[in-house]
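Undergrad: I'd like to ask some things about the structure below.
Here, each number is a calculation from the coordinates, and none is a lab measurement. This one's a predicted model, so the numbers in the text were calculated from it and none came from an experiment. Note that each Cβ is placed from the backbone with ideal geometry, even for glycine, and that neighbours are counted across all protein chains shown.
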Ligand code: ADP
């Protein structure tokens with residue numbers, strides 16, 4: 001069997017260790033995700049979803065435990081190595097789009113590719129293909145401020161997938177949208193994920209959306225349990 005795209009083993013996270021304001025957020029979380037698998041992460045606010053996603057995406061380090069991406073154990077790796085793996089293998093989506101306001105939708109999706117060494121023509125073609133796939137091709141030349149919330153978030157998905165990562169991590173990606181828009185944007189995200197065959201962890205409060213994913217896990221008392 002091939003290696004899981006993401007493996008979390010015994011992940012612990014303590015903030016302010018040893019101080020009066022110590023917070024134990026994760027207490028041995030375990031997760032394995034195969035290529036093509038889309039997993040919902042549900043938990044109340046403050047349970048540690050963002051902390052877990054940041055650790056899985058190499059933006060933060062656990063207090064204990066191991067993170068492996070594509071079978072590569074990232075424990076004790078240099079910042080440089082972690083940055084390379086994050087840039088090439090991981091795409092992040094947040095509740096707010098965080099697109100660069102002075103660039104068009106197309107440029108926002110091209111930039112990560114150019115930063116990764118892609119040629120301009122190839123970056124443009126891939127960006128346009130992604131934008132068309134989620135139905136915002138006609139908006140490619142617009143800046144984020146001239147797009148609706150749902151369109152901005154679809155562009156943010158395209159940007160996250162610009163470098164063809166094998167893992168997508170999304171933190172409440174539709175949390176800021178009205179229910180009808182949320183539904184459309186979620187469908188676009190699922191379509192894009194299925195098309196590219198990537199593995200994804202999508203944190204959401206929306207149990208209806210969670211039920212449309214392949215599997216659902218809950219963060220409870222610092223552990224991941226099947227939901
Ligand atoms: P969620 O995403 O589920 O809302 P978070 O991962 O943001 O939860 O936070 C989990 C807990 O950890 C919260 O109690 C939060 O206050 C605490 N926390 C998060 N980041 C820090 C930090 N940098 N320092 C101290 N406590 C933190």
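Undergrad: Treating the angle as unsigned and between 0 and 90°, give the value, to the nearest 10°, between the Cα long axis of helix 105-115 and the longest Cα principal axis of the chain.
TA: 60 degrees
Undergrad: Next question. If you line up the Cα atoms of the range 150-227 on their principal axes, what length do they span on each, largest first, in Å?
TA: Extents along the principal axes, in whole Å: 34, 29, 18.
Undergrad: Next question. How big is the Kirkwood radius of the chain, worked out from every pair of different alpha carbons and given in Å to one decimal?
TA: Its Kirkwood hydrodynamic radius stands at 17.9 Å.
Undergrad: Here is a further query. Comparing 86, 159, 120, which has the greatest mean-square fluctuation in the GNM of the chain with Cα pairs linked when under 10 Å apart?
TA: It is 120.
Undergrad: Sketch the reach of a paramagnetic label on residue 119 as a point 7 Å from Cα along Cα-to-Cβ, and name the residues of the range 87-113 whose backbone nitrogen lies under 17 Å away.
TA: Within reach of a label on residue 119: 113.
Undergrad: When only Cα pairs under 8 Å and 6 or more residues apart are kept, what is the percent relative contact order across the range 1-149?
TA: Relative contact order here is 20 percent.
Undergrad: Next question, about the same structure. Taking 8 Å as the Cα distance limit and 6 or more residues as the minimum spacing, I'd like the relative contact order of the range 96-157 as a percentage.
TA: Computed over the range 96-157, the figure is 47 percent.
Undergrad: Running a GNM on the chain with Cα contacts under 10 Å, which residue among 103, 157, 186 ends up with the highest mean-square fluctuation?
TA: Highest fluctuation of the listed residues: 103.
Undergrad: Separate question: Which residue fluctuates most in the GNM of the chain (Cα springs below 10 Å): 146, 79, 183?
TA: 79
Undergrad: Ok, one more. Quote to one decimal, in nm, the extra length available between residue 178 and residue 79 on full extension: 0.36 nm per residue of separation minus the C-alpha distance between them.
TA: 31.8 nm
Undergrad: For the range 49-132, what Kirkwood radius comes out of the mean inverse Cα-Cα distance, in Å? It would help to have the intermediate numbers written out before the result.
TA: On the way: mean 1/r = 0.0683 Å⁻¹.
With all distinct Cα pairs of the range 49-132 included, I get 14.6 Å.
Undergrad: With just the Cα atoms of the range 86-221, tell me how far they stretch along each of the three principal axes, in Å, largest first.
TA: The Cα atoms of the range 86-221 stretch 45, 30, 25 Å along the principal axes, largest first.
Undergrad: Based on the Cβ-Cβ distance of residue 63 and residue 100, what FRET efficiency does E = 1/(1 + (r/R0)^6) give at R0 = 45 Å, to the nearest 0.05?
TA: 0.85
Undergrad: Could you give the Stokes-Einstein D for the range 1-77 in µm² per second, using the C-alpha Kirkwood radius, 37 °C, 0.692 mPa s?
TA: Estimated via Stokes-Einstein, D reaches 250 µm²/s.
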